[in-house]
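The values are calculated or read from the model by the stated rules, or taken from the named source; none is laboratory data. Keep in mind that what you see is a predicted model, and the values were worked out from it rather than measured. Ideal geometry is used to build each Cβ from the backbone, glycine not excepted, and the neighbour counts take in all protein chains shown. Side chains are part of the model used for accessible areas, which takes the heavy atoms of the whole protein and leaves out ligands, DNA and RNA. Shrake-Rupley method; radii C 1.70, N 1.55, O 1.52, S 1.80 Å.
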There are 2 protein chains.
Amino acid sequence: MSPKITTELLKQLRQVMKNPRYVQEPVQAYIVPSGDAHQSEYIAPCDCRRAFISGFDGSAGTAIVTEQHAAMWTDGRYFLQAAHQMDSNWTLMKMGLKDTPTQEDWLVSVLPEGSKVGVDPFIIPADQWKRMSKALRSAGHDLVPVKENLIDTIWTDCPQRPCKPLITLDLSYTGLSWRDKIVALRSKMAERKVMWFVVTALDEVAWLFNLRGSDVEYNPVFFAYAVIGVNTIRLFIDGDRMMDPAVREHLQLDSTLEPEFKIQVMPYRSILSELQAVGAGLSPKEKVWLSDKASYALTEAIPKAYRYLTPYTPICIAKAVKNAAETEGMRRAHIKDAVALCELFNWLEKEVPKGTVTEIVASDKAEEFRSQQKDFVELSFATISSTGPNGAIIHYKPVPETNRTLSVNEIFLLDSGAQYKDGTTDVTRTMHFGTPSAYEKECFTYVLKGHIAVSAAIFPNGTKGHLLDSFARSALWDCGLDYLHGTGHGVGSFLNVHEGPCGISYKTFADEPLEAGMIVSDEPGYYEDGSFGIRIENVVLVIPAETKYNFKNRGSLTFEPLTLVPIQTKMIDVNLLTEKECNWVNEYHQKCREVVGAELERQGRHEALRWLLRETEPLARVQ
Amino acid sequence: MSPKITTELLKQLRQVMKNPRYVQEPVQAYIVPSGDAHQSEYIAPCDCRRAFISGFDGSAGTAIVTEQHAAMWTDGRYFLQAAHQMDSNWTLMKMGLKDTPTQEDWLVSVLPEGSKVGVDPFIIPADQWKRMSKALRSAGHDLVPVKENLIDTIWTDCPQRPCKPLITLDLSYTGLSWRDKIVALRSKMAERKVMWFVVTALDEVAWLFNLRGSDVEYNPVFFAYAVIGVNTIRLFIDGDRMMDPAVREHLQLDSTLEPEFKIQVMPYRSILSELQAVGAGLSPKEKVWLSDKASYALTEAIPKAYRYLTPYTPICIAKAVKNAAETEGMRRAHIKDAVALCELFNWLEKEVPKGTVTEIVASDKAEEFRSQQKDFVELSFATISSTGPNGAIIHYKPVPETNRTLSVNEIFLLDSGAQYKDGTTDVTRTMHFGTPSAYEKECFTYVLKGHIAVSAAIFPNGTKGHLLDSFARSALWDCGLDYLHGTGHGVGSFLNVHEGPCGISYKTFADEPLEAGMIVSDEPGYYEDGSFGIRIENVVLVIPAETKYNFKNRGSLTFEPLTLVPIQTKMIDVNLLTEKECNWVNEYHQKCREVVGAELERQGRHEALRWLLRETEPLARVQ
């Protein structure tokens, strides 16, 4: 992959940075964050402004362009990718390394005195604005909102904002009607004594109304905001999708309803003016609840004294705890997903030795098998199909320039998942189609030990996920190894594959405690630059654990793997496993056999079934 | 222990809260924090204002008194103790439990509109002031500084502030002269471009000048502040202790020195006016470095634009990494301490069956044996000598009313330590002098497994201690058990037994990364209210670890136990240990034999040596 040449673009950007048509006063620096106006992680093409200006298209990164410099902050997952995709105009700022300056510190070190730093107020979250603004102000600079997005002014062929049809989800998928969700939300609002709640995250709007869309690739969401009052519901959404009779019926738009459940549909763009009107009409003590990650623009629409900001919204927290219908849907989705992967791995095993399977072919084949499954909608993220050294690029996506052929001599890492109407999957398996080296097996086994340590962990109710992160690393640490990413993220139910407020990471201390019904990934890894990558990922459900004792009656939790795909035993050095770990693998494989085996049988996929049975033979430890 | 009757005191306090002699306007609430003007954890009797007003004398707690209510916030270590010591005027606020309100939330819930909340600006740290003030302001209240401490106005028999002689420490103890420490500090100041550094913590003043005192029990510190400029050194200290020729020579007060090393000695009380003078004389860009935990009063002396606040000072960080002289001193101190404890446990073993040994007798005997050791100065904290149900009171200290007799039927927990001129010790052993029950052994063994998991952990350079906390809990969690305190704290070198900036706790995310040379405690436990307490504590030194691989050349760390006191094998259920854990115990005991055995021999303590040899017989696992 060759880097994007950005010399001309940066020149244009630097011109508009002082063009009075766009800025009241020239700005000496311009920040281009990753997100869209909803602080989405995955964004529509029209919102890929940071990738447009820099060439770096990983899912996380912030660009800052000054008159002299252009710098990109990203995390360990993307160090290699960003270095490959950006030209020499750009300096890569490796977040998490000791000597890397923060954006604020860097700005202060390079800016001339009394500079203005511009940013699109719709794109920057309010909490980031606050931090950045404070740091800049204390160094004599100013953070200023630039209403017109400066990237958009130079992006001549910027694609249109998508506006695709909606999918309605009935109770068998959601377990709870949108009316009941509104009732629950209003009761949380009453608890906190707030009069209004502003829904800004796309997955929160989708979840609240039991609707799905496809405006953003991989995430079944649609561009919309909602403002929930104690007696009103306003949905801000564009296009003729509200003309769809199924949607109208689902939202009861044409029914005679109690007024507090009557949804007023308004244009997407009118959110700011409507919110300003709400803000202007507030009486003392009437608070408006927003996420502290809502955009600076929307947050500013509400006078400061009336804002009630929290890191996680009540919708975010309610959405994370899956109900019985959602959990059952997730189980079904994962069984179907396992069927597709058994087919894929069986197929790869036969085809790889022929030397005709590239990373892209394998990725396409995975999608083909998944798309054969019932209620398949789309993939849940860009498939990471990577072999040999490409496996060490943590969030790699094969493109023609890098597309490597799978062979019996290299490790293959496949991190992939799908959106089914009943659930979202995300699974990583690391396979060898020849004979792995002792070192590869050793590293794989440490990663597996870490995976098991988390999956089998028992911990008290109320424990935050970040307290489990070191369990995943302990076996690697013992040998001087580690991996530069977190261990797990929350997973949505036919929603975003990454969702808050829980997770398992050494970095996240603002996570909410794990609760039964939450779903997270468990995905330790090990990566050797230029050689190979290993990751073992299951999606796991938080469930109550039975323990011998029960200290302070707190109760305990553990995880149940929803992902049921064999872990390649060929890669395991059994002698490095404890008896408990060995039993875990054997019990896991037994469950794969039973549950996925039955479904393969039902679908008449006999060859894949034979593959499954062979791959799930019990391990035997030499005593 | 009967609670302190506080009805009359609270009445008096509520009167002065509206007495115009002390407050400009009446305050509707008054906060009484734990600390002194230096934010010390251990405080002199004259600073025990919270204990005076409430009766609760644990090391951590904040009292808030309003016109109607009196409430006390403390953490899990002190729930039982606080409940015992306070009368029914007080509401106990159990910090760390889900339903316990924060001080701010509680104040907002009980105060009438537009209230004033008073606090002594010398006692409240600036960071707490900021948080509290913001929360109160956003609810329409005001936090106001009350210059005269209101507790002092009603505390008629308040003791004098101590002013005891100083001890000078030479290079053989400190490894670095005070001049070299000043040079290193000034270089850190130059790096951050600050002109002044204000030393407010008592242990930082003591460390910087290689002096020790005894103004505060257990902590070898003295009341003083220092202000270090790029060319000046000001030491704020009272009394005739500066007349001591040894001190004068140590500080070179009468020598002809380069002016930048000339120490100006000033009265303790003049710190505020001197600092205000410094603040008034600053030119633009001249910053003053303070801890963000310095008092609000001193912080306010420097205009906001000139303040440079950090959570940890450069002295705090330098002090935490012990040099070779300090490490060797700590080793020597721990060997002497082990000698004393071998004597004690040998003695207890003989005496306990007679039924004459109470907790206080055992505690006194421990001090007696320690005081026989070379360079013994004092205890490093109040000995926790607790048997049976008293062991479940985590920071218990025996007093005549609670003093229980040790017996062959109950577990005995001894958490104790001393200040030697060459180092500070802190060790907990849990012993049974009869036959422990299977359940007691089971719990002890889980705690031991946690202790070993931390002690033997290998982790990358740059890891923060809080990432190791869950290792200590894992074996307990597996059975539904846990303990409600952190796992470890930093330990000073002939200084405070609790010191920052490192530690091992699920609560502390602001800890600095562990580095070779840092010293922390490793002390998991298990407590059953009304029955028994178990804790196993060693002080451990962070050392480089040899690992098979070395990911990203980061290097690895592990711990070396400095404490060398046998862990009672009678309490261990060997079958619950892994082979690795069993080997750890045997190797640890082998080292106790060799190192402490040699010293017992040298001191001619033959009976204690025989006890040591018997107690360190290797464990044998049934395969």
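Restricted to region A:517-623, the set of strands (runs of 3 or more DSSP E) holding at least 2 residues that are away from chain B (no Cβ under 14 Å) and under 21 Å from A:LYS464 (Cα atoms) comprises A:519-522, A:538-545, A:556-561.
Is at least one residue of region A:581-596 in contact with a strand residue (DSSP E or B) (Cβ under 7 Å, 6 or more places away or on another chain) and surrounded by 13 or more Cβ atoms within 10 Å (Cβ to Cβ)? Looking for residues that are in contact with a strand residue (DSSP E or B) (Cβ under 7 Å, 6 or more places away or on another chain) and surrounded by 13 or more Cβ atoms within 10 Å (Cβ to Cβ), one finds at least one in region A:581-596, hence yes. Within region A:438-457, being of a type in the set (A, V, I, L, M, F, W, C), within 11 Å of chain B (Cβ to nearest Cβ) and closer than 19 Å to A:MET571 by Cα holds for A:CYS443, A:ALA453.
Select, from A:GLN160, A:GLN103, the only residue that is over 22 Å from the mean Cα position of the chain (by Cα) and buried (at least 21 other Cβ atoms within 10 Å of the Cβ).
Values: A:GLN160 fails: buried (at least 21 other Cβ atoms within 10 Å of the Cβ).
When all the criteria are applied, what remains is A:GLN103.
The residues in region A:500-551 that are open to solvent by 40 Å² or more (accessible area, probe 1.4 Å) and over 17 Å from A:GLY462 (Cα atoms) can be counted, and the count is 7.
The rows are residues; the columns are (1) outside any loop (DSSP other than H, G, I, E, B); (2) outside the structural domain of B:ARG370 (by the TED database); (3) aliphatic (A, V, I, L, M).
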{"residue": "B:LEU208", "(1), (2), (3)": "yes, yes, yes"}
{"residue": "B:SER214", "(1), (2), (3)": "no, yes, no"}
{"residue": "B:TYR225", "(1), (2), (3)": "yes, yes, no"}
{"residue": "B:PHE236", "(1), (2), (3)": "yes, yes, no"}
{"residue": "B:THR256", "(1), (2), (3)": "no, yes, no"}
{"residue": "B:ARG269", "(1), (2), (3)": "yes, yes, no"}
{"residue": "B:GLY279", "(1), (2), (3)": "yes, yes, no"}
{"residue": "B:VAL288", "(1), (2), (3)": "yes, yes, yes"}
{"residue": "B:GLU300", "(1), (2), (3)": "yes, yes, no"}
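Restricting attention to region A:457-467 and to residues that are in a helix (DSSP H, G or I) and touching a residue at least 40 places away in the same chain (Cβ under 8 Å), the residue that is nearest to A:GLU560 (Cα to Cα) turns out to be A:GLY465. Residues in region B:27-53 that are open to solvent by 10 Å² or more (accessible area, probe 1.4 Å), of a type outside the set (D, E, K, R) and in contact with a Gly (Cβ under 9 Å, 6 or more places away or on another chain): B:GLN28, B:PRO33, B:SER34, B:ILE43, B:ALA51. When B:ARG131 is tested against (1) at pLDDT 95 or above; (2) surrounded by fewer than 21 Cβ atoms within 10 Å (Cβ to Cβ); (3) within 30 Å of A:ARG192 (Cα to Cα), only condition (1) is not met. If I filter region B:499-516 for residues that are within 14 Å of chain A (Cβ to nearest Cβ), over 21 Å from the mean Cα position of the chain (by Cα), part of a loop (DSSP other than H, G, I, E, B) and touching a residue at least 12 places away in the same chain (Cβ under 8 Å), do I get at least one hit? No - not one qualifying residue is present in region B:499-516.
Can you tell me which of B:GLU546, B:GLU528 is out of contact with any strand residue (DSSP E or B) (no Cβ under 7 Å at 6 or more places or on another chain) and touching a residue at least 12 places away in the same chain (Cβ under 8 Å)?
On the way: B:GLU546 fails: touching a residue at least 12 places away in the same chain (Cβ under 8 Å).
Every option except B:GLU528 fails the conditions.
Within region B:458-476, the residues that satisfy the criterion of being under 23 Å from B:ILE572 (Cα atoms) and either open to solvent by 10 Å² or more (accessible area, probe 1.4 Å) or among the charged types (D, E, K, R) (or both) are B:ASP469, B:PHE471, B:ARG473, B:SER474, B:ALA475. Of the residues making up region B:261-284, those that are closer than 12 Å to B:ARG234 by Cβ, open to solvent by 60 Å² or more (accessible area, probe 1.4 Å) and in contact with a helix residue (DSSP H, G or I) (Cβ under 8 Å, 6 or more places away or on another chain) number 1. Criterion applied to A:PHE209, A:PHE222 was being among the hydrophobic types (A, V, I, L, M, F, W, C), free of Cβ contacts under 8 Å to residues at least 60 places away in the same chain and out of contact with any Phe, Trp or Tyr (no Cβ under 7 Å at 6 or more places or on another chain), and the one residue passing it is A:PHE222.
Test of understanding: among B:TYR42, B:TYR30, which residue is touching a Phe, Trp or Tyr at 6+ places or on another chain (Cβ under 8 Å), outside any helix (DSSP H, G or I) and not β-branched (Val, Ile, Thr)? Spell out the reasoning first.
Details: B:TYR30 fails: touching a Phe, Trp or Tyr at 6+ places or on another chain (Cβ under 8 Å).
B:TYR42 is the lone residue from the list that is touching a Phe, Trp or Tyr at 6+ places or on another chain (Cβ under 8 Å), outside any helix (DSSP H, G or I) and not β-branched (Val, Ile, Thr).
Of all residues in region B:1-51, which are among the hydrophobic types (A, V, I, L, M, F, W, C) and free of Cβ contacts under 8 Å to residues at least 24 places away in the same chain? Within region B:1-51, B:CYS48, B:ALA51 qualify.
Taken over region A:194-247, the criterion of being touching a Ser or Thr at 6+ places or on another chain (Cβ under 7 Å) and over 26 Å from A:LEU309 (Cα atoms) is satisfied by A:VAL216, A:TYR218, A:PRO220, A:ALA246, A:VAL247.
Hey, among B:PRO121, B:PRO112, which residue is assigned by the TED database to the domain that holds B:TYR22 and touching a Lys or Arg at 6+ places or on another chain (Cβ under 9 Å)?
Details: B:PRO112 fails: touching a Lys or Arg at 6+ places or on another chain (Cβ under 9 Å).
None of the others qualify; the one that does is B:PRO121.
Considering only region A:557-569, how many residues are of a type in the set (Ser, Thr, Tyr) and open to solvent by 10 Å² or more (accessible area, probe 1.4 Å)? Explain how you work it out, then say what you get.
To start, the set of residues in region A:557-569 that are of a type in the set (Ser, Thr, Tyr) comprises A:558, A:563, A:569.
Still in the list and also open to solvent by 10 Å² or more (accessible area, probe 1.4 Å): A:558, A:569.
Of the residues in region A:557-569, 2 are of a type in the set (Ser, Thr, Tyr) and open to solvent by 10 Å² or more (accessible area, probe 1.4 Å).
Does region A:176-209 hold any residues that are open to solvent by 30 Å² or more (accessible area, probe 1.4 Å) and within 21 Å of A:LYS287 (Cα to Cα), and which are they?
Step one: list which residues in region A:176-209 are open to solvent by 30 Å² or more (accessible area, probe 1.4 Å), which gives A:176-177, A:179-180, A:183-184, A:186-188, A:190-193, A:195-196.
The answer is A:VAL183, A:ALA184, A:ARG186, A:SER187, A:LYS188, A:ALA190, A:GLU191, A:ARG192, A:LYS193, A:MET195, A:TRP196.
Matching residues to (1) of a type outside the set (D, E, K, R); (2) more than 30 Å from A:ALA516 (Cβ to Cβ):
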residue	(1), (2)
A:ILE271	yes, yes
A:GLU286	no, yes
A:ALA297	yes, yes
A:ALA301	yes, yes
A:LYS304	no, yes
A:THR313	yes, no
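Mind checking which residues of region B:468-498 are under 24 Å from A:ASN461 (Cα atoms) and in a loop (DSSP other than H, G, I, E, B)? Result: B:CYS479, B:GLY480, B:LEU481, B:ASP482, B:TYR483, B:LEU484, B:HIS485, B:GLY486, B:THR487. Residues in region B:475-489 that are under 16 Å from A:LEU468 (Cα atoms) and more than 7 Å from chain A (Cβ to nearest Cβ): B:ALA475, B:LEU476, B:GLY486, B:THR487.
Can you find a residue that is open to solvent by less than 30 Å² (accessible area, probe 1.4 Å), in contact with a strand residue (DSSP E or B) (Cβ under 7 Å, 6 or more places away or on another chain) and aromatic (Phe, Trp, Tyr) anywhere in region B:89-99? There is at least one residue in region B:89-99 that is open to solvent by less than 30 Å² (accessible area, probe 1.4 Å), in contact with a strand residue (DSSP E or B) (Cβ under 7 Å, 6 or more places away or on another chain) and aromatic (Phe, Trp, Tyr).
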